[in-house]
Every structure is written in C-alpha cells, then in structure tokens.
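The values are calculated or read from the model by the stated rules, or taken from the named source; none is laboratory data. Just so it is clear, the model here is predicted, and its values are computed rather than measured. When we count neighbours, we look across all protein chains shown, and the Cβ atoms used for this are built from the backbone with ideal geometry, even at glycine.
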Amino acid sequence: MSSERAAPPTVEEVTEVLSTVIDPELGSDVVSLGMIPRTEVSTEGQVVVEVRLTISGCPMRAEIKKMVEQRLMVHPGVTKVKLEWSEMNSDERSAAMSTARAAARDRAPETAIGQRCQVLAISSGKGGVGKSSVTVNLAAGLADRGFTVGVLDADIWGFSVPRLLGMSDRLEATEVDGRPRIIPNRRVIGDGVLEVVSTGFLVEESTALMWRGLMLTKAVEQFLRDVAWGDLDYLLIDMPPGTGDVQMGLARLLPRTSLLVVTTPATAAQRVAQRAADMAQRSFLPVLGVIENMSGFICEHGDFHPVFGQGGGQALAEAIDVPLLGSIPIETSVASGGDNGEPVILSRLGAAAETMNEIVDRLLDTVAPPLSSEDELDGCATKILAAFDDAFATEDQRNLANTNSGSGTES
Ligand SMILES: Nc1ncnc2c1ncn2[C@@H]1O[C@H](COP(=O)(O)OP(=O)(O)O)[C@@H](O)[C@H]1O
Ligand SMILES: [Mg+2]
C-alpha cells in the first residue's frame, strides 16, 4: 500500500453512484427524482451533495443520508461526504411524483419484488463458511415472527436451500396478469411464511452439473423477474461463492439490495475482509453487517474452544466499518437441523439458535427493519403518495389486463 491518496471521483461518477440510491418511499432513484440539484467534489475528496426532499422533516431523511454516505464512502478517493438539505417547491414535487409514477409502471415487469420488500443478500468471500445455513435460519426466524419471507437460492449449481428447508416439490408455473410466472414453494413457519425458489426445485440434485453452462446472472435475473413472489416483507438471497458478477447483476436489477457478509473467525479473514470491501466497492451494494459463523466450539463441559481461530468477524466488521451482528458457535444441531430440513433457529435450543435469534431481532430492530408497516412511514410524503400508490397498483393491473384494447389513460 502506498500512502498516496486515491483520486477523488468526478461529479459524473458521484451522480452515477447516487443514481443507485432509491428513495424508500417513491421507489425511484434520487437522481431521476430531481432530488440532487447540486453535487460538488473537492480536490481533497470531499463530496458535497444537496438533497432536495419532497417534504422537509421527512423521517426517511436519516435513511437517505445513510444510503448516500454508505455508497459514496466506498469510493477510495472519497474522504468525506457532506449533505445539505433543501425542500422541493410544489412544481418540483409534482414532477418528482410523475417521475416516480412512470418509473413504477416501467419497473413493474423488471422484477417481481415489491417496493417495500427488504432485500438482503447473504454473501462471503468463499464457500463453506455457512452462508446457506445462515440464510435459511434467518429466513425461518423472520417467518417465525410473522413475516412473509422470500428465499432466493442464487447458488444456481451449488444449491443447498431445498435440503436445508426439507423442501423438494417441483416448481409450478401459472399465469399472473397475463404473464407466465413461476410459483415459489411455500412453507408456513410460525405466524409467517417462506416463499422459496431454487434451481434445486427444477433439476434433480444429480443433474445439477448440467447447469454449469447456464449464465449465472441470467438465471438469477429470471428468478427475480418471472417468479410470482407476492407481497414480501423480506427477500433473502443465498449468494454463490465468488460472487462478483451476480452482485453486479443485483446492483443493476435490484439496486436496493444490501449485503450481509458471513465469515469465519480465522485470522486470514483480513484478506477476505479486503475482498469483501472490494466487492462492495465494485457493485455499490452497501454492507449492513458481518455475521461470524463457526466461532469456536462449546464442549460438553461448557468450555469454549476457538477451533477456527478468533477475531475474524470483528476484524472484518472494523475493516468495512459495519457492525458485527453476532458470532454463531459450531454446534452439531446446526448441521443436523440442516440435514432434517428443520432450521435450528426454530428450536430455540442452544447457543447457535440463541445467537441466530438475536441476529434476527437486530435486523428487525435496527439493521434492516421491515418497510411494510404503514405506521412507520406515517407523517411523511407517504401520506400524500399512498393514494397515488394505490392508484398505480389498480391502474397497472387494469393496463395489464387491457393491453390488447390499447387503453392506458393518463390522468
Ligand atoms: N455453526 C455451525 N455449526 C456446525 N455446522 C455448521 C455451522 N454452520 C454451518 N455448518 C455446516 O457447515 C457446512 C457448510 O455450511 P453451508 O451453510 O452449506 O455453507 P456455504 O453455503 O457458505 O457453502 C454444512 O455442512 C453446514 O451444516
Ligand atoms: Mg451454500
């Protein structure tokens, strides 16, 4: 490493990054919504961004601030991000709304993931660290608390989600709004439900190798577009190892995807940390937190044995400046739960299940709280826009139903 500082980004590059920041309410990126009237970059790498809110005092402000800072700070040449706030006048506001409205219509066929679904991709620098185990357990934990949780197995030829959830039915297709759609396999857990899609439901486990020729990103894209996901609170994506291009695909198709990075406590994690930070930088997907897995073994005497080293999760979390969400110990119940299709988190027995439940609670409380609750968005532009939202939904359905008759009235 040289001590020379990386060159600051150009204003165009900053704008490109900002165009991946989606206003959580309007569902479009802040640049096309006209929310970024001014951007300045100093030679020292300080970026000043003026953010023009639809309504000042919007509670989404903190969220927008976080996204803008997170995404800009991954650029090595950015030293500081400063946000200046202003408020739209009524003309600007109605322009923003019609942009959001048009985009909502265009976007409809792009992905079948609802606007208020929290999308979390579980990734790691390498395989075998427990990504799939963590994915299905967090998904089951969220469902157990009453949420509707999609699980997308993006490990197209190394799928393990079907086995870990004890599900094997072939996927069926049906017509939704005049388009053929894949129906996810459903499993009710507690008060909630899992909606699961995996190539494991398309092919026999032994023929999975034949999928090698298939373009990974294309398969993931197809799952995002052509699955009738329904109204999800969360979508958890089990990422394949070595995920560069799949992450790029996600950043393009579902730019609001955030990453949870799973690592083991081995001290070699420093290098993995660097790789994960690089990945995030290339794809501009923000990392929300680190989960350490296989953090030692608690023997029958209650003694702790750090089998795979110590401190890797913390080191990674510090290197990329995100919280360590939890350290899951090695327990045979994690593996046997996987073999039986019963995620250990549901047993609520043992330290591994306990830690996983704590991680789920942290996601719900602070790290990735559900966006579906109307109350939470109350008092903001949402109030005005809820009516519009409803209008798009019904109008979109009408338009889809009437595509042949060529109707599509603008109001
Ligand atoms: N905390 C844990 N304790 C014991 N076994 C675990 C734990 N986490 C994962 N495993 C086991 O390790 C293996 C790899 O886990 P998996 O979730 O498939 O990793 P990845 O998806 O990253 O390749 C599996 O056999 C799984 O049952
Ligand atoms: Mg896996």
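Results for (1) under 13 Å from residue 26 (Cβ atoms); (2) assigned by TED's automatic domain parsing to the domain that holds residue 21; (3) surrounded by 19 or more Cβ atoms within 10 Å (Cβ to Cβ), shown as yes or no for each residue.
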| position | (1), (2), (3) |
| --- | --- |
| 56 | no, yes, no |
| 61 | no, yes, no |
| 67 | no, yes, yes |
| 72 | no, yes, yes |
| 76 | no, yes, no |
| 83 | no, yes, no |
| 95 | yes, yes, no |
| 98 | yes, yes, no |
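From the list 151, 136, which one is more than 9 Å from ligand 1 (Cβ to nearest atom), among the β-branched types (Val, Ile, Thr) and touching a residue at least 12 places away in the same chain (Cβ under 8 Å)? The match here is 151. Residue 181 fulfils the conditions (1) more than 17 Å from the chain's Cα centre (by Cα); (2) away from ligand 2 (no atom under 16 Å from the Cβ); (3) at pLDDT 90 or above except for a single criterion, (3).
Regarding region 43-54, can at least one residue be identified that is of a type in the set (Lys, Arg) and either under 25 Å from the mean Cα position of the chain (by Cα) or farther than 24 Å from residue 116 by Cβ (or both)? Taking every residue of region 43-54 in turn, none turns out to be of a type in the set (Lys, Arg) and either under 25 Å from the mean Cα position of the chain (by Cα) or farther than 24 Å from residue 116 by Cβ (or both). Looking at 142, 138, just one residue is away from ligand 2 (no atom under 16 Å from the Cβ), within 29 Å of residue 331 (Cβ to Cβ) and not in a strand (DSSP E or B), and that residue is 142. The set of residues in region 159-205 that are of a type in the set (Ser, Thr, Tyr) and surrounded by fewer than 20 Cβ atoms within 10 Å (Cβ to Cβ) comprises 160, 168, 174. Evaluation of residue 124 against the conditions (1) surrounded by fewer than 23 Cβ atoms within 10 Å (Cβ to Cβ); (2) under 19 Å from the mean Cα position of the chain (by Cα) shows that the sole unmet condition is (1).
Conditions tested, residue by residue: (1) buried (at least 17 other Cβ atoms within 10 Å of the Cβ); (2) closer than 18 Å to residue 142 by Cα; (3) assigned by TED's automatic domain parsing to the domain that holds residue 290.
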| position | (1), (2), (3) |
| --- | --- |
| 312 | yes, no, yes |
| 317 | yes, no, yes |
| 321 | no, no, yes |
| 325 | yes, yes, yes |
| 328 | yes, yes, yes |
| 335 | no, no, yes |
| 338 | yes, yes, yes |
| 345 | yes, yes, yes |
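Which ones in region 342-373 are without any contact (Cβ under 8 Å) to a residue 24 or more places away in the chain and either in contact with a Pro (Cβ under 6 Å, 6 or more places away or on another chain) or of a type in the set (D, E, K, R) (or both)? 348, 354, 361, 365, listed by residue number. Quick one: is residue 145 at pLDDT below 90, out of contact with any Pro (no Cβ under 7 Å at 6 or more places or on another chain) and surrounded by fewer than 20 Cβ atoms within 10 Å (Cβ to Cβ)? Spelling it out, it is not the case that residue 145 is at pLDDT below 90, out of contact with any Pro (no Cβ under 7 Å at 6 or more places or on another chain) and surrounded by fewer than 20 Cβ atoms within 10 Å (Cβ to Cβ).
For region 113-129, taking the residues that are assigned to a loop (DSSP other than H, G, I, E, B) and among the polar types (S, T, N, Q), the one that is farthest from ligand 1 (Cβ to nearest atom) is identified as 115. All of (1) buried (at least 20 other Cβ atoms within 10 Å of the Cβ); (2) at pLDDT 80 or above hold for residue 246 with one exception: (2).
Among the criteria (1) farther than 17 Å from residue 257 by Cα; (2) modelled with pLDDT under 95; (3) within 15 Å of ligand 1 (Cβ to nearest atom), the one residue 164 does not fulfil is (2). Residue count for region 250-266, restricted to those that are assigned to a strand (DSSP E or B) and either among the aliphatic types (A, V, I, L, M) or over 9 Å from the mean Cα position of the chain (by Cα) (or both): 5.
With respect to the conditions (1) at pLDDT 95 or above; (2) not in a helix (DSSP H, G or I), residue 334 lacks only one, and its number is (2).
Of all residues in region 56-80, those that are on the phi > 0 side of the Ramachandran plot have Cβ atoms under 9 Å from Cβ atoms of residues that are loosely packed, with under 15 Cβ neighbours inside 10 Å and modelled with pLDDT of 90 or more, 6 or more apart or on another chain, in 57/87.
Quick one: residue 157 ticks every box in (1) in a helix (DSSP H, G or I); (2) over 17 Å from residue 343 (Cα atoms); (3) of a type outside the set (D, E, K, R) except a single one, so which number is it? Of the numbered conditions (1) in a helix (DSSP H, G or I); (2) over 17 Å from residue 343 (Cα atoms); (3) of a type outside the set (D, E, K, R), the odd one out for residue 157 is (1).
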